[in-house]
Amino acid sequence: MHVHSSITYEPAITRGGYTDRVLHVNLSTSEIDIWKMPPDHKDKYVGGRGYALALIWEKTRAETRHDSPENIVVMASGPLCGDPRFPGSGKFIVGTISPLTNTFIDSNIGGHFGPLLKRCGFDALAVSGLSPDGEKVLQIDGDRGTIRIIDAPVFGEGIDAGGLTYGESLLKALNDHELNEHSAVVTTGKGAENARFGIVNSLFFDRRRNRLRAKQAGRGGTGTVMRRKGLKAVVVQTRQAATRANQPMDVKGVKEAGAQLKRVLSKMDPTQLRLASWGTTVLVEYMNKFHILPVRNYQSGQDPEAEKLFADIFLKDYFGRKIPDGCFSGCNLACAKGAEDVTLTRGPWAGEKVGIDGPEYETIGAVTAMGVFDPQFVMEYNWYCDEYGLDTISTGVTMAFLMECWQRGYLTKEDSEYDLNWGNVASADRLLHETANGTGLGAICGDGTVRAREWVAKRHSDRTGAPREEVLNELKAFAMEVKGLEFSMYSTKESLAQQGGYGFALKGPQHDEAWLIFIDQVHKELPTFEMKAEALKWFPLIRTWFNAVGLCKLPWIDVRHPDAAKTANPAQNTPTLAYYVNYLNATTGSKKTLQDVLNDSERLYHLQKMINLRQGKGTRVSDQIPLRAMGPVFTNEYEGRSEYYDEWLREQTGQKLLPAGVEERLKMLIELRKEAYQKLCDSVYLEKGYTTDGVPLPETLERFGLLDERAAALLSEHGLGWGDDRRLSN
Amino acid sequence: MVISVNFYGLQRMVAQTDEVQMSLSDGTRVDHVLEAVQERFPTLPLQKEDLLITVNDKVSTANQLLKERDKISLLPHIGGG
C-alpha cells in the first residue's frame, strides 16, 4: 500500500461540542494540515453547513466549477452532532460547488462518520485539489494519531466500481478483516464518475444487523466532485467513547433535553406516522391521496397502482426484521429501514443476495415518476443507485423527463435504441445501468435534466426542422429542475407555497429548506401571500439550523408534540423546538433563545444567497420554476383533475361559467398561476430583505455582519449601494 | 344519512379496511363519528391532538355538522423530511 503522505497529530479535545479544528487535505500536492479556527468562527458560522459556506465563500471564485482544483469538498458535522443522549444526532453535511448547479450545494447524511470525525479531533474535513496520479484514500486514525493519503487499494473490477462493496472491502482491509462500530467510511461509486449527480455513501457497522449499512448525501453531485478529485474514500476510526464526543458544558441539561425528546417520540410516533416501524415509505399513501406523488414525471399526483408501493407492502415483503434501524445510536425514532437477503434479479449482480438500506419515500417517488409500480424494482433501483453512487432523485427525474420526451415524440428510437414507455421496467433498468456506465442514452441522462433537455432539443430540431429555441421552450415546461437541480418527489401543482419552497430554495428544488405542502394545500393555514412569505422565511431558517448543528430534522418536524396544538402555529412544533434549544445551550454553554437560533441561521442563509449571486444563480430569474410545477402543461393533465382545476378557476375569477373548451380553461389557469407565482416572489423578497430582483439589500447583510468588501463589490455589480432607496422591494 | 370514513396508513392497518360506511341520524357532528369509530375499532389511536380531520378533503373541526355522503378522513400531521 503506497503512502503518498502522512502526518502524526494529537487529536484535539472537544469542548462544548467543538474541537475548533478543521482538517485540510490538498490532493494536488498531497499536503495535509490542520487549521485551528479562531474563537469567533463558531459564533459566526455555527458548524456544518455554515463551515462549508464560509470555506466556499473564502476559497473559491465565480469561475470555480465542480472540477476546478480550488473547489473544496467539505464534510462537517456541528456542535450537536455525536451525542447519543439526544435523538437524531448523527448527521453531517457534504458541501461543495455542484456539477449540476455551478453553485453551493450541500446534502446531509447520517451514519457514524460525522461523530467519529469529531472524536478524531475535527469539526470538519476540507478537501481541495485534484489528485494528479490516480485515486486516493484518506485514512484518519484518531487512536494512533495518524492521517495518511494512500493509493486506493484494488480489490477487483466489480468491487472497485461500487460504493457499497468497495467500502466494505476497504474497511476490512484496513482493520484486519474486522468490521466494528469504531470505524466508518465514506465512498463513491463508478456512477459518480460518469454522472453529474453522484452521491457520497456513508457506511457504518450495525451490530443488530451484523453488517455495514449505508446512508447517502444524495443531492447535487457531491460524490461526483469527490470522484473528480480522485478521492475514492475517507476512513475514520477511533475507540473514544461516544458519550465523551461533545464534552458538553452541562451534562445534566443534555440528558434532560434528550430524555424529554425521547419521551415525545416514544409516545407520539406510534400513533402518528409510525416512522419507527415503516420509515418514510409511509408517506407514499398520503402523497397519493392528496395528488402529490410525482407520477409520470409529475403529470398526475395520484395513481390507482400506487397502492402496490404503500408502506405495508414493504413491511410485509422486505422489512422482515422488525428492529430499531437508527442511523446513529440513541435515536428512538430510528426511521432508516432496511431489508436483508434481497435477491437481485437484474443488472451485473443478478442472482446475488444483498442487504438494502431503504427505500425512503424519495426513492419510491422517483420510481413512480417513471410510471413504475413494482416494489422489487424499487428495491433494486435503490441498491444499484447506492452501489453505483447515483442520486435516486436526480436519476429518476432525468429518466422520467426522457420518458416524457418519448411519450410526446421529442425522442424516437433513433435516439434511444429502445422504447421508453411509462412503466417499462426493462427499459428503466437498462437506462439506469447505462447512466452508471456513461454509455448509450445513459451518457445523456447522467448529465442531468438541464443538459438532457438541450440534447433532446437539438436532436428533435435537427430531425424535424423545428426551431431549436422553440423546442427548448416546450421542453422547459416539463423538465423538472430549478437552478440545474432536479426536483425532489412532491408535485406542487396544488400548493403555491411549496412552489415557492422549491423555487426559492438556495440549493435548488430540494424539500429540506421548506416543505409546506400540507399546511398550505391540506390545512389551508397560509391563505394570503404574506402568510406564505412568512412561512417561506421561517421554515428555511430553522431547517438551515439543523444542517448547521449536525442534527436530523425528523424528530422535530414529523412527530407532533402533544402541546403543539395549543400554540399559535402548531406546524412549527415549538414545544419540541424548546428541547433543541435547551440541548444547544447545555452542550455549548450558550444562553440562546429560539430567536437567537433563527438569527444565527439567517446569517448563514444570506451567505449562501451571496454565493449564489456570485455564481450567477442569485437573482429572480434563477428562482423561476417550470410550468409543470405550477399546474398542468397539457390538456390530459387538466382533464385528469378537472374537478379541482375548474373549482379553483371559479374561486379565482368569481365566474360561475367557465369557457367550454379544456384548452381555454388550461390557458386561463396557466396565466393565473404564473401571475400568482410572480406575486409570491415579490412578497417573499420583501420578507427576506431583498430587492424585487431577489438580491439582498446592503442593510440586510450589514445586520448579520456579512457586508465585507467582497460582498459590497458584488452588490454594486447589481447596482446596489448603501442607502440607495430605489432598490427597496415593493 | 350515510357517510363514509376513510382510513390510511396506520389506521388502515389497524382497522384492516380502507373505508367504513356508517348510517347516522341527521344533525350528527364529526366528534360523534369519532366516538362511533372508536367503539367499532377500540385499538385505533384517535387522540384528537394527533389527527387532522378532513371532510371531503377539506380540513374540518370536531363539531362540524355532517351531511349525506360526506367522506371523513383522519390523517396524521405531516411536516416533511
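The values are calculated or read from the model by the stated rules, or taken from the named source; none is laboratory data. These numbers come from a predicted model, not from an experiment. Cβ atoms come from the backbone with ideal geometry, glycine included; neighbour counts cover every protein chain shown.
Quick look at the numbers
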item: Residue in region A:317-332 that is without any contact (Cβ under 8 Å) to a residue 24 or more places away in the chain, over 30 Å from residue A:560 (Cα atoms) and either of a type in the set (Gly, Ala, Ser) or surrounded by fewer than 16 Cβ atoms within 10 Å (Cβ to Cβ) (or both) present; result: no
item: All positions within region A:501-515 that are within 23 Å of residue A:669 (Cα to Cα) and away from chain B (no Cβ under 14 Å); result: A:503, A:504
item: Filtered residue count, region A:633-655, keeping only those that are touching a helix residue (DSSP H, G or I) at 6+ places or on another chain (Cβ under 7 Å) and β-branched (Val, Ile, Thr); result: 2
item: Residue A:372 vs. criteria out of contact with any strand residue (DSSP E or B) (no Cβ under 9 Å at 6 or more places or on another chain) and either surrounded by fewer than 24 Cβ atoms within 10 Å (Cβ to Cβ) or of a type in the set (A, V, I, L, M) (or both); result: yes
item: Selection status of residue A:316, assigned to a helix (DSSP H, G or I), out of contact with any Lys or Arg (no Cβ under 8 Å at 6 or more places or on another chain) and within 12 Å of chain B (Cβ to nearest Cβ); result: yes
item: Some residue of region A:284-302 being over 24 Å from the mean Cα position of the chain (by Cα), assigned to a loop (DSSP other than H, G, I, E, B) and more than 14 Å from chain B (Cβ to nearest Cβ); result: no
item: Residue within region A:576-595 that is hydrophobic (A, V, I, L, M, F, W, C), touching a residue at least 60 places away in the same chain (Cβ under 8 Å) and not assigned by TED's automatic domain parsing to the domain that holds residue A:331 present; result: yes
item: Boolean, residue A:239 is over 27 Å from residue A:583 (Cβ atoms) and surrounded by fewer than 19 Cβ atoms within 10 Å (Cβ to Cβ); result: no
item: Members of region A:425-441 that are without any contact (Cβ under 8 Å) to a residue 40 or more places away in the chain and either touching a Lys or Arg at 6+ places or on another chain (Cβ under 9 Å) or crowded, with 19+ Cβ neighbours inside 10 Å (or both); result: A:426, A:427, A:430, A:431, A:434, A:440, A:441
item: Any hit, region A:243-265, residues being part of a loop (DSSP other than H, G, I, E, B), more than 10 Å from chain B (Cβ to nearest Cβ) and farther than 30 Å from residue A:592 by Cα; result: no
item: Single condition residue A:336 does not satisfy, out of (1) at pLDDT 95 or above; (2) part of a loop (DSSP other than H, G, I, E, B); (3) crowded, with 24+ Cβ neighbours inside 10 Å; (4) not acidic (Asp, Glu); result: (1)
item: Meets criteria (closer than 18 Å to residue A:357 by Cβ and either touching an Asp or Glu at 6+ places or on another chain (Cβ under 8 Å) or aromatic (Phe, Trp, Tyr) (or both)) for residue A:231; result: no
item: Filter result for the condition that a residue is of a type in the set (Gly, Ala, Ser) and over 24 Å from residue A:23 (Cβ atoms), over A:217, A:173, A:257, A:242; result: A:257
item: Filter pass, residue A:551 being modelled with pLDDT of 95 or more, surrounded by 24 or more Cβ atoms within 10 Å (Cβ to Cβ), within 14 Å of chain B (Cβ to nearest Cβ) and part of a helix (DSSP H, G or I); result: no
item: Matching residues in region A:521-546 - criterion: being within 14 Å of chain B (Cβ to nearest Cβ) and either touching a residue at least 60 places away in the same chain (Cβ under 8 Å) or in a helix (DSSP H, G or I) (or both); result: A:521, A:522, A:535, A:536, A:538, A:539, A:540, A:542, A:543, A:546
item: Hits in region A:136-159 - residues which are in contact (Cβ under 8 Å) with a residue 24 or more places away in the chain and assigned to a helix (DSSP H, G or I); result: A:158
item: Single condition residue A:659 does not satisfy, out of (1) surrounded by fewer than 17 Cβ atoms within 10 Å (Cβ to Cβ); (2) assigned to a helix (DSSP H, G or I); result: (2)
item: Residue check for residue A:501: crowded, with 18+ Cβ neighbours inside 10 Å and touching a His at 6+ places or on another chain (Cβ under 9 Å); result: yes
item: When residues of region A:152-164 are limited to those that are in contact with a strand residue (DSSP E or B) (Cβ under 7 Å, 6 or more places away or on another chain) and of a type in the set (A, V, I, L, M, F, W, C), the one surrounded by the fewest Cβ atoms within 10 Å (Cβ to Cβ); result: A:152
item: Residue match in region A:614-628 (condition: of a type in the set (Ser, Thr, Tyr) and not assigned by TED's automatic domain parsing to the domain that holds residue A:675); result: no
item: Residue that is in contact with a Lys or Arg (Cβ under 7 Å, 6 or more places away or on another chain) and either within 21 Å of residue A:50 (Cβ to Cβ) or among the small types (Gly, Ala, Ser) (or both), where the choices are A:604, A:577; result: A:604
item: Residue list for region A:450-504, restricted to those being within 25 Å of residue B:78 (Cα to Cα), assigned to a loop (DSSP other than H, G, I, E, B) and among the hydrophobic types (A, V, I, L, M, F, W, C); result: A:480, A:487, A:489, A:504
item: Search result, residues across region A:380-421 that are surrounded by fewer than 24 Cβ atoms within 10 Å (Cβ to Cβ) and among the β-branched types (Val, Ile, Thr); result: A:412
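Matching residues to (1) in a helix (DSSP H, G or I); (2) buried (at least 24 other Cβ atoms within 10 Å of the Cβ); (3) free of Cβ contacts under 8 Å to residues at least 40 places away in the same chain:
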position: A:166; (1), (2), (3): yes, yes, no
position: A:177; (1), (2), (3): no, no, yes
position: A:185; (1), (2), (3): no, yes, no
position: A:191; (1), (2), (3): yes, yes, no
position: A:202; (1), (2), (3): no, yes, no
position: A:209; (1), (2), (3): no, no, no
position: A:226; (1), (2), (3): yes, yes, no
position: A:267; (1), (2), (3): yes, no, no
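Yes/no per residue for (1) touching a Gly at 6+ places or on another chain (Cβ under 6 Å); (2) of a type in the set (Val, Ile, Thr):
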{"site": "A:266", "(1), (2)": "no, no"}
{"site": "A:282", "(1), (2)": "yes, yes"}
{"site": "A:289", "(1), (2)": "no, no"}
{"site": "A:311", "(1), (2)": "no, no"}
{"site": "A:322", "(1), (2)": "no, no"}
{"site": "A:326", "(1), (2)": "no, no"}
{"site": "A:343", "(1), (2)": "no, yes"}
{"site": "A:354", "(1), (2)": "no, yes"}
